[in-house]
Structures are given as C-alpha cells and as structure tokens.
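Data block below; observations after.
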Amino acid sequence: MKLENVWQTKQKIFIYRLLAGRSNVFLVKNDQVEILIDSSWKLARPRLKRALTKLNYSQEKSVCVLFLTHAHFDHAENAAWVQNEYHPHVIIHQSECDFLKAGRNSKIAGSNKFIRRLFPSLIQNWLNSTYRYPITKPEITFTERLELQDFGMDATILHTPGHTQGSSSLIINDEIAIVGDAMHGVFPNTAFPPFAVDNDQLIASWGKLLKTRCRLFLPSHGNALQRERIEQEYLSLQ
Ligand SMILES: [Zn+2]
C-alpha cells in the first residue's frame, strides 16, 4: 500500500486508506481491534473487497467493527454486504440508525447558495425520499460519545453533527481524527463541506474537533487536512 495512504499514531495504531477518490474508506488497526470506517457506494465494492482481503479484515483474532460516520449512500451502501460477509459489530449514531435500518439517506442539503443552485431540488428530493440501499441493522448506537477502550483501542467516537444530524467522527489516540463529511478535503480554498443540514451546528462540531489534540483530520472526500489549516478557517467562520 502506498505510503501516502497509511498513517500511524505514536501508540502504533495504523490507519489505512483503503479507497481513495470519490469516497474514502479507512481501516484502523492495532493488535486487538480493527475498525472499518464507512463502506463507500456499490460501484466501489470490488475494490473494497480486494483491499479488505489484502489487509485480512476479520480474518485475525481481533474484534472487528464497522463504524459508519452517517447513513448517506456513498458511506453506507456496502454496509449490509460487509455485515453479511465479515460479521463486524456495526456502530452508528442514534439519529442515523433508523435511516440505516430503512436503507435510506439521512437528510441531504447544500451548505451554500452555489451548491443549492447546482444541485436541483429534484435530485435532492430523489436522494432524500426515493433512493434506497440495502438495509443494515446496527448493533451499537450512541448519543454524545462512545469510548472504544473496552474494544481494545484508545479511541473515541464523537458526535459531530452538521453535515447530518447524527454525523460522527473517530478520534484515534487524541492524535488523528477520521471525520466523515464534517470536513472536505477536495477544494484548496475551503474545508467546509458543500453539503450540510445545519451550518452553525457544523461550525460547533469543528470547535469540538479542535478541542481534541488531533494534528490531522482525515475526511471522507479528498485529502488529509492539517490542524493549522482547520484552525485558520474555523477562526474565519466565527
Ligand atoms: Zn454525506
């Protein structure tokens, strides 16, 4: 695996970016537990399968987890397949749970006027009301935070809403965070995601993420974001 797709914390937790491009998927591992973060959309399944086989997902004697940052199809469409094939503990925020169980997108909305104009309400309504993906029954839900020490890893799942009501992030060793769509790593001038149901809530979630000591934020779309860049943009958003 290319070095640009692997990170390591001081306590030797490894983070692999399995799928890079349209929707990143990460695998976080130490010697006791492995956590797959998101599952991408259906078209990416063959690539996801190859990557999971290469990294022995669920084949070793460790606890196996699938954490979904939220219930949008480009994150959750392969979740049912992963659940059937690898039998992980599936974790998602309480507010996203019913959407996942129904195979429906949690609400999608543009975060700025430009996106709202580019993204006609017809497509938005179709994604919000009609689009379906295979249903997944999560095993563990949470509201504000979920500590993963009991699973065998110094990591915490934090509720970081704004992109959707139940969007959440994984904080690893208080050093690296996987933030789903709470941040966006595609455009050079902004890390604010193009889609959010509540911009103020999202800005508050950035504050929450910056209260951790994380030096690096890994978004679901695009490249890793350094803490300094997020600090600067956070100040400009106040
Ligand atoms: Zn999303």
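Restricting to segment 46-71, what's the tally of residues that are within 16 Å of the ligand (Cβ to nearest atom) and either free of Cβ contacts under 8 Å to residues at least 24 places away in the same chain or out of contact with any helix residue (DSSP H, G or I) (no Cβ under 7 Å at 6 or more places or on another chain) (or both)?
Selection size over segment 46-71: 1.
Would you confirm whether or not segment 141-162 contains a residue that is touching a Leu at 6+ places or on another chain (Cβ under 6 Å) and surrounded by fewer than 15 Cβ atoms within 10 Å (Cβ to Cβ)?
Scanning segment 141-162 turns up at least one residue that is touching a Leu at 6+ places or on another chain (Cβ under 6 Å) and surrounded by fewer than 15 Cβ atoms within 10 Å (Cβ to Cβ).
Any idea which of Leu55, Leu48 is under 24 Å from Ile135 (Cα atoms) and either surrounded by fewer than 20 Cβ atoms within 10 Å (Cβ to Cβ) or touching a Leu at 6+ places or on another chain (Cβ under 8 Å) (or both)?
The conditions single out Leu48.
Restrict the check to segment 84-95 and report whether at least one residue is loosely packed, with under 14 Cβ neighbours inside 10 Å and either of a type in the set (Ser, Thr, Tyr) or in contact (Cβ under 8 Å) with a residue 40 or more places away in the chain (or both).
Within segment 84-95, not a single residue is loosely packed, with under 14 Cβ neighbours inside 10 Å and either of a type in the set (Ser, Thr, Tyr) or in contact (Cβ under 8 Å) with a residue 40 or more places away in the chain (or both).
Only strands (runs of 3 or more DSSP E) wholly contained in segment 48-166 count here; list those with 3 or more residues that are closer than 26 Å to Gln201 by Cα.
89-93, 140-142, 145-147, 155-159
Where the second residue is outside any loop (DSSP other than H, G, I, E, B) and within 15 Å of the ligand (Cβ to nearest atom) and the first is among the aromatic types (Phe, Trp, Tyr) and lies in segment 186-198, which pairs have Cβ atoms under 9 Å and are six or more apart or on separate chains?
Short answer, once both residue conditions are applied: Phe187/Gly222; Phe192/Asn199; Phe192/Leu202; Phe195/Gly110; Phe195/Ile115.
Of everything in segment 72-101, what is within 15 Å of the ligand (Cβ to nearest atom) and of a type outside the set (Asp, Glu)? Give them in sequence order.
His72, Phe73, His75, Ala76, Asn78, Ala79, Ile92, His93, Ser95, Phe99, Leu100, listed by residue number.
Scan segment 182-220 residue by residue and report those that are polar (S, T, N, Q) and within 15 Å of the ligand (Cβ to nearest atom).
Asn199, Gln201, Ser205, Ser220 - these are the residues of segment 182-220 that are polar (S, T, N, Q) and within 15 Å of the ligand (Cβ to nearest atom).
Within segment 156-181, count every residue that is more than 16 Å from the ligand (Cβ to nearest atom), touching a helix residue (DSSP H, G or I) at 6+ places or on another chain (Cβ under 8 Å) and either within 16 Å of Asp74 (Cα to Cα) or charged (D, E, K, R) (or both).
Summing the residues that are more than 16 Å from the ligand (Cβ to nearest atom), touching a helix residue (DSSP H, G or I) at 6+ places or on another chain (Cβ under 8 Å) and either within 16 Å of Asp74 (Cα to Cα) or charged (D, E, K, R) (or both) in segment 156-181 gives 0.
Each value in this text was obtained by applying a stated rule to the coordinates, not by laboratory testing. Bear in mind that the values here come from a model prediction, so they are computed numbers and not experimental data. Heads up, the Cβs are rebuilt from the backbone with ideal geometry, glycines too, and the neighbour counts pull from every protein chain shown.
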